[in-house]
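See structure below.
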Amino acid sequence: MSLEALKSSVSGLVIAREEGPYAAAREALIWNARKPPRYPHVIVGATSAADVQAAVRYARQHGLKVTARGGGHHWSGVALQDGVVIDLSGLDAVTIDPAARIADVGPGVSHRDLARALAGHGLAFPVGHCATVPLSGYLLGGGLGWNSGAWGIACFSVESVDVVTAEGELLRASEAQNADIFWAARGAGPAFFGVVTSYRLRLHRLPRAITTSTWTYRLEDIGTLERWISSSQPVLPRNVEFSLLMSSAPPTLAHRCAKVVTAMVTVFADSVDEARIVLGSVAASAPPGALDASLNVPTPFEALFEMNGAAFPHNRRYAADTYWSTANAGIFLETLAARVKDAPSPASIALGVLLPPPEPGAPGLPDAAFSMVAPVFGCSYAVWEDAEDDELNVSWLRETSERLAPITLGHYIGEAHLDDDAHIPRSFSPAAWARLERARATYDPEGLFSKTF
Ligand SMILES: Cc1cc2nc3c(=O)[nH]c(=O)nc-3n(C[C@H](O)[C@H](O)[C@H](O)COP(=O)(O)OP(=O)(O)OC[C@H]3O[C@@H](n4cnc5c(N)ncnc54)[C@H](O)[C@@H]3O)c2cc1C
C-alpha cells in the first residue's frame, strides 16, 4: 500500500515526515514539553478501528514499527517512536447502557469527559486523578484512579477490549474469548502487543457527596504525618483516599516555611452526613501544628480534577517515577521528603500513599499483567521549565529512584521512568513478566509493537 493509498483509505489525517504540518503534529503527540528525540515516519490520525487496521497493514508492508498514541501523557514520552504512530485521540465515542451499568468507550476519551457523561446517569468509573489524561494508556497500564480502595485498580473494571493485532485483525478479548490477550491488556501498558480500539467498562454507582479535607504542615513534620496516615488507614472505610503531597509552600504560606506536606483526605460518600462523620473522625486525630486546613469541602469529580491538575501545569518539562514498597512507611516517606527538600526545581513534588489493608477473606488481585503492588506507594515528579535544566532535573529524579531502590519492590508502569528500560520488567511480578514475554512472542513474533525507551 502506498502512502497515497493509506491516505485515501483512512478517514483521519495522515501526515508523513516530509510534509509541512509534520513538525507541529509530532510536537503535539506528547503532552510533556520534554520530547524524546524520535521521529515517526508517518503519523496516522485514526477515527475508527478500520483506520487502525489500515495503518498496521501499511506498516507491515513497509517494514515499519507501530506505536499507538492515546493522549501522549506518559511522562517518558513513549508514544513518540520512529515508524508509524497511530494517534487514537479521535476514537472518543462514549456509549452508556445505564440499566446494565456498562459503557463502551473509545481510547481517546478523557477522564473528565467520561466522568461527566456518567454523572448524568448517576454512575461513575475509577478515572485517574487529572482531567485531560485519556483512558487509552491509563487502563492499559492498570489505572490508579480515584476511590481505588473501594473500586479497585481501574483495569479490573474492564469487561472486554477490542484489539487490532500485529496481523491487522480486529478481535474482542475478555475472560471468555482471547483470554491471553485480555490478561495482557489489563496492565501491560507500553509492553502491550496490539492496539486497543475500544474498552467495555463495568460502571459503579456515583457517590453523591464526595467530600475532601486537607491539612498542610511543614515538610519536617513528615514523621508525624506518617504515624497519622499509618494509624488511620487500617480503620478508615475503604471509600476514603488519604494521600500526602510534598511540595514547595504555596504563596500564602511561603513566609512561614519553604516546603510543606499536605494531607488530602477524600471520602466518596453517599450522603453529607456520612462524609461529615468520616472526615470528622480523621480531623479528630489530625496532629497539632497545621499551617492551614480546609475542612469538609464538597468535591465532585470536576473539583477533584481541578485540585490535582494544579500540580501538573501544561507546557512544563517533566520526569516521573513510581515506587511500590513493602518497607516501613516512615523510612519511605522520610526519604521522599528529603529528596523534595533538595529538589533543584521548586515545582518538583512527591506523593505518598498507603494502600488500605486487604479485606479479610477477599481474593487477591485478579490474574492479569497488572501484578506489581505493595502496601506503600509513592511517586516523584521533577517539574521544570527550561531545556537547559534537563540534565539537572532528570538527575534529581534518577537519584531519588536510586535512594529508594533498596526499599523499592517495583514500579507502576503507567508512571515509571521508562528512560531506564530496566524499569519495565520491574513493573510486573516475575511470573507475570515471563508470561507477558511469552505472549509477546506468540502474538507479535516480529516485534511490530516493540519500542525504544
Ligand atoms: C497529568 C497526569 C496525571 C496522571 N495521573 C494518573 C493517575 O492518576 N493514575 C494513573 O494510573 N496514571 C496517571 N497518569 C499516567 C497516565 O495514566 C499514563 O501515563 C497513561 O499511559 C496515559 O495514557 P495515554 O493514552 O496518554 O498514554 P500514551 O502516552 O499515549 O501512551 C503510553 C504507552 O501506552 C501505549 N498505548 C496507549 N494507548 C494504547 C492503546 N489504545 N493500545 C495500545 N497501546 C497503547 C503507547 O503505545 C505507549 O507505549 C498521569 C499522567 C499525567 C501526565
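Every number here is computed from the coordinates shown, using simple stated rules; none is lab data. Just so it is clear, the model here is predicted, and its values are computed rather than measured. For neighbour counting, all protein chains shown are included, and Cβ atoms are generated from backbone atoms with ideal geometry for every residue, glycine included.
Observations
- Here's the picture: a label point sits 7 Å out from the Cα of Thr132 along the beta-carbon direction, and within region 342-363 nothing has its amide nitrogen under 14 Å of it.
- Compared with the dominant Cα axis of the chain, that is its longest principal axis, helix 390-404 is turned about 60°.
- Pairwise centroid distance, computed over Cα atoms, of region 229-283 with region 16-72, Å: 41 Å
- Considering only alpha-carbon pairs that sit under 8 angstrom and 6 or more positions apart, the relative contact order computed for region 3-87 is 36 percent.
- By the count of other C-beta atoms within 10 Å, a proxy for reagent exposure, Cys379, Cys155, Cys257 are ordered fewest to most as Cys257, Cys379, Cys155.
- The residue among Ala343, Val261, Val297 whose Cα reaches farthest toward the positive pole of the charge dipole of region 217-355, with charges on the beta-carbon of Lys, Arg, Asp and Glu, is Ala343.
- FRET efficiency for the pair Asp270 and Arg116, taken as 1/(1 + (r/R0)^6) with r the Cβ-Cβ distance and R0 = 30 Å, rounds to 0.95.
- For region 209-427, the alpha-carbon coordinates run over 51, 49, 31 Å along the three principal axes, in decreasing order.
- Peptides ranked, highest mean first, by Cβ atoms within 10 Å: ranges 383-391, 315-323, 189-197: 189-197, 315-323, 383-391
- Dimensionless Rg ratio for region 200-244, taking C-alpha atoms and the 2.2 N^0.38 Å reference: 1.55
- Each Lys and Arg contributes +1 and each Asp and Glu -1, all at the Cβ; summed about the Cα centre of region 209-427, the dipole is approximately 640 debye.
- The residue among Val164, Thr132, Gly352 whose Cα reaches farthest toward the positive pole of the charge dipole of the chain, with charges on the beta-carbon of Lys, Arg, Asp and Glu, is Gly352.
- Rounded to two decimals, the Cα-based Rg/Rh of region 390-453, with Kirkwood Rh, is 1.05.
- Alpha-carbon spread of region 3-87, three principal axes, descending order, Å: 34, 25, 23
- Computed over the chain, the convex hull of the alpha-carbon atoms projects to a mean area of 21.0 nm².
- As a calculated quantity, the FRET efficiency between Arg438 and Arg202 at R0 = 30 Å, using C-beta atoms, amounts to about 0.60.
- Taking the Cα centre of region 3-87 as reference, the dipole from Cβ charges on Lys and Arg (+1) and Asp and Glu (-1) amounts to some 260 debye.
- Alpha carbon convex hull of region 303-451, projected area averaged over orientations, nm²: 11.4 nm²
- Angle in degrees between helix 272-284 and the longest Cα principal axis of the chain, rounded to the nearest 10: 60 degrees
- Partner lysines for Lys35 [C-alpha distance under 26 Å; skip if fewer than 8 residues away on the same chain]: Lys65, Lys451
- Cα centre as origin, Lys/Arg/Asp/Glu Cβ charges: region 94-206 dipole, Debye: 480 debye
- Placing one equal scatterer on every Cα of region 162-248 and applying the Debye formula, the log10 ratio I(q)/I(0) at q = 0.14, 0.16, 0.17, 0.26 Å⁻¹ is -0.76, -0.80, -0.82, -1.30.
- The chain, relative contact order [Cα under 8 Å, separation at least 6], %: 16 percent
- Stokes-Einstein D (µm²/s) once Rh is taken as the Kirkwood radius of region 1-148 over alpha-carbon pairs, at 10 °C in 1.306 mPa s: 98 µm²/s
- Since only Val235, Pro375, Pro37 are under comparison, the one whose Cα sits farthest along the positive direction of the charge dipole of the chain, derived from C-beta charges on Lys, Arg, Asp and Glu, is Val235.
- The relative contact order of region 209-427 comes to 26 percent, based on Cα pairs under 8 Å that sit 6 or more residues apart.
- Overall form of region 94-206 per C-alpha gyration tensor (a/c, 1.5; a/b vs b/c): prolate
- Segment Val94-Ala374, length gained on full extension (0.36 nm per residue, minus Cα span): 97.5 nm
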